[in-house]
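Remarks on the structure that follows.
The values are calculated or read from the model by the stated rules, or taken from the named source; none is laboratory data. Here the structure is a predicted model, which means the values were calculated and not measured. Neighbour counts are summed over all protein chains in view; Cβ atoms, including those assigned to glycine, are modelled from backbone coordinates with ideal geometry. All accessible areas refer to the heavy atoms of the entire protein, side chains included, with ligands and DNA or RNA removed. Shrake-Rupley method; radii C 1.70, N 1.55, O 1.52, S 1.80 Å.
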Amino acid sequence: GDHFSLLVVNTDARFKMLAAPLRCASPLRPRPPRGTVSASASAPRARLAEAAVTAAKRRQAAGLFDRCRSEDTEAWRMLHGVAEGVPGVTIDKFGSTLFVQSWRDPIALGELHELVEAAASGALGDVGDLKQVWYHPRNERALSWEYDDLRNTSSSIADAVSIAGIYPLFGGSGEGDSEEEEGSTESALERFRPTYSPRAEDDQAGFRFKELGLSYNFLPPRRFGDPSLFLDFRPTRRWVRSKVREMVEQQRRGAEGEGTDDGQGRVSVLNTFAYTCGVGLAAADGGAGRVLNTDHSATYLGFGSDNAALNGFDVFTGRGLCEDFYPAVRQLAGLSMPGRITKGG
């Protein structure tokens, strides 16, 4: 069978618990006894922009923005709605984009407009250059393609359901600034439409961002799908890079003691449930000589290989092994899969 120096299992919830969530999150509260209603559940829902501004101030005061910049990182969670007044909604910053996701009700057009205004005005603090807000529903309930959505029963356009897509920030690009376009809030909302709709399946809407000094392609997510990188797994990526560097150094010292080569390239990493291969990139950055990524999606493994090329890494094994976890590890161990007929015997 195959041999690897380090195995990383990306998806196990218990393993994720070892990788502490971003320190900007609100302190965890004890879970209330079963059958009781928590204060957050009974509290009125905050306006999205107001909650985002409050959350941004909290993070800036805690030094999150500065810490991220010190690591050459441009991506972090701006709002964790369930703990910060807007259950079912999150806002993540990826480069110059605010990526808004909703798992529950659709976001009202007026609220999304307020968020774009807040981002354009600098109300979110020292987060760096922002160019757009990307609204991405995570289920049918939160989805809308057009303003004639049947859920738009209110006569006020401010209460209409936001359309999924990309909303450029106004105020700096000349859009919405001319005297001809100045008018009532309602007329501004009527003009408030995305420049990109996920239905277009246009990869040109993608962009690049950095985490821990590594570059990533942000590609339009699949319908109701995940973004290109799980930000809560950054502590694990940071740890993997550090651990691989430590292993490379140990092997180098051992090789020097034996009077052989420097041991460079002996560390190999098996990255399972790889998704877009963020852990694989971290391992390569740490000095691994070989990285094998496994995932059931050839598409995402391909994205990961593109990310490796973007950073100049050539240690990935092909475009990865497209298999679920158990078939993959059995193959690598030289074992057949129960019930699977092996060609040639």
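Structure values in brief
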| quantity | calculated |
| --- | --- |
| All positions within the stretch 181-222 that are farther than 25 Å from E114 by Cα and either modelled with pLDDT under 80 or assigned to a loop (DSSP other than H, G, I, E, B) (or both) | A200, E201, D202, D203, Q204, L212, G213, L219, R222 |
| Residue in the stretch 55-66 that is modelled with pLDDT under 95 and not hydrophobic (A, V, I, L, M, F, W, C) present | no |
| Condition check for V82: among the hydrophobic types (A, V, I, L, M, F, W, C), modelled with pLDDT of 95 or more and either crowded, with 20+ Cβ neighbours inside 10 Å or in a helix (DSSP H, G or I) (or both) | no |
| Subset of the stretch 238-267 (residues that are at pLDDT 85 or above and open to solvent by less than 10 Å² (accessible area, probe 1.4 Å)) | V240, V244, V267 |
| Every residue from the stretch 308-328 that is open to solvent by 40 Å² or more (accessible area, probe 1.4 Å) and assigned to a helix (DSSP H, G or I) | A309, L310, F325, Y326 |
| D148 being farther than 16 Å from L48 by Cα, at pLDDT below 90, open to solvent by 50 Å² or more (accessible area, probe 1.4 Å) and part of a loop (DSSP other than H, G, I, E, B) | yes |
| Qualifying residue in the stretch 91-100 (condition: of a type in the set (S, T, Y), touching a helix residue (DSSP H, G or I) at 6+ places or on another chain (Cβ under 9 Å) and open to solvent by less than 30 Å² (accessible area, probe 1.4 Å)) | no |
| Test set (1) part of a helix (DSSP H, G or I); (2) free of Cβ contacts under 8 Å to residues at least 12 places away in the same chain - R241 fails condition number | (2) |
| Number of the exception - R77 against (1) open to solvent by less than 10 Å² (accessible area, probe 1.4 Å); (2) at pLDDT 95 or above; (3) not small (G, A, S) | (1) |
| Count of residues meeting criterion [small (G, A, S) and either part of a loop (DSSP other than H, G, I, E, B) or without any contact (Cβ under 8 Å) to a residue 24 or more places away in the chain (or both)] in the stretch 263-307 | 9 |
| Condition broken by D129, with the remaining ones in (1) part of a strand (DSSP E or B); (2) surrounded by fewer than 16 Cβ atoms within 10 Å (Cβ to Cβ) satisfied | (1) |
| Scan of the stretch 83-98 for residues that are under 28 Å from A282 (Cβ atoms) and touching a residue at least 24 places away in the same chain (Cβ under 8 Å), ordered by number | A83, I91, D92, K93, F94, G95, S96, T97, L98 |
